[in-house]
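Scroll down for the structure; my scribbles are underneath it.
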Amino acid sequence: MKTTGEGVTTLLLAVHQGRPGAADELLALVYAELHGIARKKMTQVPRSDTLQPTALVLEAYLRLFGKTNPTWANRRHFFFAAARAMHDILVEQARRHASRKRGGNRERIDLDEGAIVASQSEELLALNEAIERLEAIHPRVAKIVMLRFFGGLKHDEVARTLETSSATVRRDWTFAKAWLRDALGEVPKHPDPGKPRKT
Amino acid sequence: MTEEERIRSLFDEAVALPEDEREEFLSRGSDDERVRDRVRRLLRRHDDKDDFLSQPAVEKYARVAKAIGAEVGEFRILEEIGRGGMGIVYLAQDTVLDRRVALKILAQHLVASDRAIGRFRQEAKAAARLSHPGIVPIYRYDEESGVHFIAMEYVEGVTLSERLESLRHPRLEGSSAPDTSTAVGEATESEPDRASVPVGREYLQDCGRLIAAVADALEYAHRHGVIHRDVKPSNILVDPAGRPRLTDFGIAKLPAEEPLTQTGDVPGTYLYMSPEQAAATHTKVDHRSDIFSLGVVLYEALTLTRPFGGSTPQQIVHSLQTQEPRKVRSLNQSIDRDLETICHKALEKRPVDRYQTAAHFAADLQCYLRGDPILAHPPGLARKARQFLYTRRHAIAIGGTLIAGSLVGVYAYRYLTDDRPRLITGELPESAEVFARQIDLGTGLAGKPQRLGLAGGGPYRMPPGYYRFIARLSETQYCEMTRFLDRDQAVRLDAPIRPLKEVTIDMVLIPSGAEIRNAPQEYMDRVRGLEAFWIDRTEVSNAEYLKFLRSESSPPKAPPLWGGSTYPPGWADLPIVGITYYEAQAYAEWLGKRLPRSREWERAARGPHGWRFPWGDDPKDLEEKANVFRDTILPNAWRPPLDEQDLRNYFHKFVLPVSSEEPDKYVGPEMLSHTLGNVAEWTESIRHSSSIPMIGRRIVRGDTWSRYAGERSKLSLSGPKMHQDVEGAAIGLGFRCAKSADVLSGY
């Protein structure tokens, strides 16, 4: 099934109007696009070795919208979905690799590569856990992490997407980095003193 | 304000301050030591100037991201192992079943083409039907997020192409090429390097075994309706035990899609293409094209030289179509004559001159390997003359008709292998001469009559194939029997031989196709090769069929539609229906006739001018002039019959007597009744599906009273043809008979 142009715009409108389930639909759609694009790099000749997040998001965007020029409101929803989708894809992939390592699946070739992928995967999963905790306490901050880190958006784009000021985004981002580093730094070693408590 | 919110707000303010002012600010800002401590820690984290989160996730975790593409379904891509026209083949790990697979992924630029996807899928399906030790099995075809892939068994080993290459360059490869010490033959123009041709019986026998095994696999595929179309060394994997495995089924490009004018690299495929395939009229390409390609592979294996060459596709195709390859023995003297004969037989330009099945090819190679005499004969004088003409024809570009008629050859076999079909002729009179004409499965034309020296009533062995047998007492007394001979089968030839005069009452004599002059080209092309024949004016009636059932030689049972041992009252003149092909054929032979070929039927129905309808070319008043669309008389169009009796009522109501009483109605140009409409009719022509003969199906001509009026546009004498399983009886299907007038044409 291919949903392009108007279909997506309609869906975005539905998200905008808060139709139940629309956001999930959009996410699924963008997820499929991004995943497909990332995966197709394998079958391209010559194969491209690096994936540029913005390029990826842009490609998904173009594929979904074609030549239509959606309103900014629509683009916002798209960027959210794209960032979220990118996050899901990466985390999912990391889970597979981490579990593979734990599962002791024998690797006959690419041992080094496998080890690197596995260690990156574990790191990403730890970061993800931290982001989830951050989200529980500071949802807006977590959103910014999502847009910047996974969506590859710049500060001003994040600001427009969230309909807030650049300064706010900057402040949130600064805080997010410190908070996440703190959370990460402590997690593996001792019982977490920085573990948030709700009052 | 929650504790976390206080922490956040303190952090925001503190972080904006110079470092030395922060502590003082904190002590003013909160009296909770825990909160202050937490903010201090966050500030310290902030001051660790590193690149935390400075890169987007996809870049930071590039290795993880890269692995996204390396997962296709449950398969993890490990490395690239090959490239073909339609995609890349990877070695991959099946993470569920924990085994290696070869994963073929449709190239990205083809994903936009529905046609390419369609073919990728269809061919995967075709190959998935095949289960043979000589064919690489397909595990799964699927599509995920736009990636189309085929997972198949990973065969360790090398391709035959790599193996031949290592024989060509033994020093470069440092390979274990067998017995390459003596160079035999000279390098030819098509031979880029001076190759050391391996000699020695062992090597040649290895080649023979290998190709025979591939031929077995091809035979299996052909029998399952699959033509490979791209048989070449790089598609033959040789496993560590030396067994060949055929792969890449039909996935390669069709020649029609790869124009000859294309510049750039010579596609390897042209080097192994059959002449008919290279002619880019791929509709005419049948399984014998694969036999040719395998012949090229054998040639190359034996001599390390390709039979046809050139530096551009055009040159290769030219060489392919006009040049006879050098004899293999001139390139490698250690090859025996039999092996040479086999190899060149597979390389015949015309499909009809090659081995007709891959099984024949394999069988002859087995004969060679066992040291038995082979079945194929080296070309005789006539064949050599024709080869000359063939070459000339292309050279001077005259039409094909000059040669086609006179030199169709049924090549002789020495009948040796035990599983060849047997002919039993005990019932025929001693004085009868028996001839066989092999029917070309491609064109449907009967080949030159070959007299069989029968003695003592058989068994007499024949190579498998489709034949018309003729038992002849005199020019005016003969019978014909059309049979498909399969391996391990016994076929009895026992039709009565009746005088022509008696047989041809109520038949119309149709002159040969060559006499048609003023007709549409499409029609002229279809009837051109026809010899003169007789054909029944009418469809066979129930009364006539009952006579046959009551005769001594009656094997078949009464048609179920009768509901008893005779037909229902009032049905005598209605056409017989609901009988199988074999029953119709038995009836025809009992009368000294046979069933018509599809094109004979068409010629008789369309007449000398090739009309599209029995009355001309105008479909107007179709319902008036032909017995069709009768079901529309029912209020609710067609309804399924309720029971047997209902079915009979139904039939009686709509089907007309075989002989029309009204002179202008239902009669065509050659005075045949009910060609279009009433009941459809069996023919002896084998149905082809994508150029593959479906031995168990016959073409059915005409059309039925029950044809749905909505399909009006399909209804004409030249329209699409129906077909039916030989064992399948149908209520709308009867037949009429034919008989050759020039039965030993060309003898």
### Summary
Descending accessible area (1.4 Å probe), largest on the left, turns B:TRP611, B:TRP705 into B:TRP611, B:TRP705
### Query
Under 5 Å between amide H atoms, partner at least 5 residues away or on a different chain: which partners does B:MET722 have, H built in plane at 1.01 Å?
B:VAL700
### Query
Mean shadow of the range B:76-153, computed from the convex hull of its alpha carbons, in nm²?
5.3 nm²
### Task
Return the long-range amide H neighbours of B:SER685 (sequence gap of 5 or more, or a different chain), with a cut-off of under 5 Å between placed amide H atoms.
B:SER598, B:ILE699
### Message
Assuming 0.36 nm per residue, please report the length gained on full extension of the stretch B:GLU522 to B:MET694 beyond their Cα-Cα distance.
### Response
59.5 nm
### Task
Please list the non-local residues whose amide H lies under 5 Å from the amide H of B:GLY87, H modeled 1.01 Å from N, same-chain partners needing a gap of 5 or more.
B:ALA107
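Kindly provide the trypsin sites (Lys or Arg not before Pro) of the range B:511-597 that DSSP labels as loop, not H, G, I, E or B, and whose Cβ sees at most 11 other Cβ atoms within 10 Å.
B:ARG517, B:LYS557
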### Summary
Out of B:LEU473, B:ALA490, B:LEU428 - ranked by how far each Cα lies towards the positive end of the dipole of the range B:422-497, with unit charges on the beta-carbon of charged residues - the top one is B:ALA490
### Potential extension, B:MET671-B:ASP725 segment - 0.36 nm per residue separation minus Cα distance
16.5 nm
### Longest to shortest principal axis, alpha-carbon extents of the range B:3-49, angstrom
27, 18, 15
### Selection from B:PHE25, B:VAL15, B:LEU42, by position along the positive dipole direction of the range B:3-49 (Cβ)
B:LEU42
### Summary
Here the tail fraction of P(r) beyond 31 Å, over all Cα-Cα pairs of the range B:507-740, rounds in percent to 18 percent
### Simple Cβ-charge dipole of the range B:76-153, Lys/Arg +1 and Asp/Glu -1, about Cα centre, in debye nearest 20
240 debye
### Task
Round to a whole angstrom and tell me the spacing of the C-alpha centers of the range B:563-581 and the range B:499-538.
28 Å
### Query
So what is the diffusion coefficient of the range B:422-497 in µm² per second by Stokes-Einstein at 10 °C and 1.306 mPa s, using a Kirkwood Rh over Cα pairs?
127 µm²/s
#### Entry: Sites B:GLU623 and B:GLU515, calculated FRET efficiency, Cβ-Cβ separation with R0 45 Å, nearest 0.05
0.85
### Task
May I ask you to rank B:ASP248, B:ASP525 by accessible area, largest first, using a 1.4 Å probe over the protein chains only?
B:ASP525, B:ASP248
### Task
Using +1 at the Cβ of each Lys and Arg and -1 at the Cβ of each Asp and Glu in the range B:76-153, identify which of B:GLY118, B:TYR141, B:THR95 lies farthest towards the dipole's positive end.
B:GLY118
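The values are calculated or read from the model by the stated rules, or taken from the named source; none is laboratory data. Worth saying up front: this structure is predicted, and the values here are computed from it rather than measured. Here the Cβ is made from the backbone with ideal geometry for all residues, glycine too, and neighbour counts use every protein chain on show. Protein only, heavy atoms only, side chains kept; ligands, DNA and RNA dropped before computing areas. Shrake-Rupley method; radii C 1.70, N 1.55, O 1.52, S 1.80 Å.
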